[in-house]
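The values are calculated or read from the model by the stated rules, or taken from the named source; none is laboratory data. Given the structure is predicted, the values throughout are model-derived calculations rather than measurements. Cβ atoms come from the backbone with ideal geometry, glycine included; neighbour counts cover every protein chain shown.
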Amino acid sequence: MTSRRAFLKLTVAAGLAPAVASAQGTGRVVVIGGGFAGATAARTLKALEPRLSVTLVEPNRIFTACPFSNDVLAAIREISQQQFGYDGVVRAGVTLAQTAATAVDAAAKTVTLADGNRLSYDRLVMAPGIDFRWDALPGYDEAAAEKMPHAWKAGAQTVLLRQQLQAMNDGGLVVISSPANPYRCPPGPYERASLIAYWLKIWKPKSKLLILDSKDAFSKQRLFQNAWPQLYPGIVEWVSLSQGGKVTSVDPATLTFVTDFARHKAAVGNVIPPQKAGAIAAQAGVADRTGWCPVEPVAFESTLQPGIHVVGDAAIMGGMPKSAFAANAQAKVCAAAIVELLAGRKPVDPILINTCYSLVAPDYGISIAGVYRPDKGVLADIPGAGGTSPLEVVGGFRSQEALYAESWFKTITAETFG
């Protein structure tokens, strides 16, 4: 773990150093979206070139973080511990436009805001996160989410799902449906299942948890499946795509999940729906038919709209998954590249790292790491540079990884919002 962190610092420093040393140009950069990607991009731009005019467009006064939000479901954390303001971003010299972006005119290089103002830019960074494909799963729409919460955007939905779990009778069935790839946080559904199972084991031990999956394989699968029988015997069941796990429709009135071969009536139903880039991406013309945003792998500039960069969950990043760690890393590299482009120079090819921690229990952590570089127009894995936690461990290794996870969350939120 120590060497991984050291390598991360070296690669980030290597990617940013040329821009710090040589940046001379100035200009106007607008950033849409104040999550881990957008807020990091805005702060990094000002840090690398203080003369830049950087405006962050974000309608919400408070950002609610998704990482560690599964802890809220298990009553390990409170939702308030997931919430962060933008005072630190403003102190860093970024102008905050606390309103929504309603339109992007790529030809005129302008962003129209909900308050009627219009911002001009030389470069635009879009970090709109995800939206849901409300028409992709029959029976599931925004109204249905009030009965079968997704909780895949942390906040009110997280609190609702927690309340439903607490109100459930002991012996009830909790059902989670997991979508096909790609989606935000690939191991997230299985961490969620683990932590809900942890809570059920303590408070509602007669209850069961069923994962209905649209995939036959998932991130950190062997690690999760090795842990479940040890920690939660008889509680967690996973049904894969080939075993009939794909949910084809839901009935919110009866909390029923329908597959090709069965109907599962839940006491608490958690539907994680298919996803796409945030709505403003399609309006701006940077999303393709998949609903996601293709970008080149050096500056993360859109392959559909020159002058617009897309980072974070909304972007197609080749082998790099959609995670907060990845969003933070992409934002830093993108910011450095923009400083170089505004100064009339070519950005250097980056090396990026993603490390994703998952908690199987509060003191049981697992992780996966990957290292990526540009190759044939995408970010590709560097063979042998990443890996997962070992399957067999001794001593306090799992508890140490849980501590690493908490330390990472404190670090990334302090760096982004503090």
- Item | Index of the failed condition, GLU78 passing every other in (1) out of contact with any strand residue (DSSP E or B) (no Cβ under 8 Å at 6 or more places or on another chain); (2) in contact (Cβ under 8 Å) with a residue 24 or more places away in the chain; (3) acidic (Asp, Glu) | (2)
- Task: Tell me, yes or no, whether segment 288-300 has at least one residue that is touching a residue at least 12 places away in the same chain (Cβ under 8 Å), among the small types (Gly, Ala, Ser) and assigned by TED's automatic domain parsing to the domain that holds GLY33.
- Result: yes
- Tell me, which residue of segment 199-240 that is buried (at least 17 other Cβ atoms within 10 Å of the Cβ) and small (Gly, Ala, Ser) is farthest from the chain's Cα centre (by Cα)? SER207
- Note on the structure: When ALA414 is run through (1) modelled with pLDDT under 95; (2) farther than 23 Å from PHE224 by Cβ, the failure sits at (1)
- Message: If I filter segment 28-72 down to residues being among the basic types (Lys, Arg) and in contact with a strand residue (DSSP E or B) (Cβ under 6 Å, 6 or more places away or on another chain), which single residue comes out as nearest to PHE325 (Cα to Cα)?
- Response: LYS46
- ALA284 passes all but one of (1) out of contact with any Phe, Trp or Tyr (no Cβ under 6 Å at 6 or more places or on another chain); (2) buried (at least 20 other Cβ atoms within 10 Å of the Cβ); (3) closer than 27 Å to LEU391 by Cβ; which number fails? (3)
- Item | Identity of the residue in segment 261-273, modelled with pLDDT of 95 or more and surrounded by fewer than 18 Cβ atoms within 10 Å (Cβ to Cβ), that ends up nearest to LEU241 (Cα to Cα) | ALA262
- Message: Checking THR26 against (1) assigned to a loop (DSSP other than H, G, I, E, B); (2) over 30 Å from ILE202 (Cβ atoms); (3) at pLDDT 95 or above: exactly one of these is not met. Which one?
- Response: (3)
- Item | Given (1) in contact (Cβ under 8 Å) with a residue 40 or more places away in the chain; (2) surrounded by 13 or more Cβ atoms within 10 Å (Cβ to Cβ), index of the condition LEU391 fails | (2)
- Message: Could you list, ordered by first residue, the pairs with Cβ atoms under 6 Å in which the first is in segment 195-220 and under 23 Å from CYS185 (Cβ atoms) and the second is surrounded by fewer than 19 Cβ atoms within 10 Å (Cβ to Cβ) and of a type in the set (Asp, Glu), at least 6 apart or interchain?
- Response: LEU210/GLU237
- Task: Select from segment 73-84 the residues that are surrounded by 15 or more Cβ atoms within 10 Å (Cβ to Cβ) and either closer than 17 Å to ALA327 by Cβ or of a type outside the set (S, T, N, Q) (or both) and list them in ascending order.
- Result: LEU73, ALA74, ALA75, ILE76, ARG77, ILE79, GLN82, PHE84
- Item | Search result, residues across segment 247-284 that are basic (Lys, Arg) and free of Cβ contacts under 8 Å to residues at least 40 places away in the same chain | ARG263
- Message: Between VAL90, VAL54, VAL94, VAL104, which is under 20 Å from ALA331 (Cβ atoms), surrounded by fewer than 20 Cβ atoms within 10 Å (Cβ to Cβ) and among the β-branched types (Val, Ile, Thr)?
- Response: VAL90
- Query: Quick one: MET148 ticks every box in (1) more than 12 Å from GLY269 (Cα to Cα); (2) buried (at least 17 other Cβ atoms within 10 Å of the Cβ) bar one, so which box is it?
  - Reply: (1)
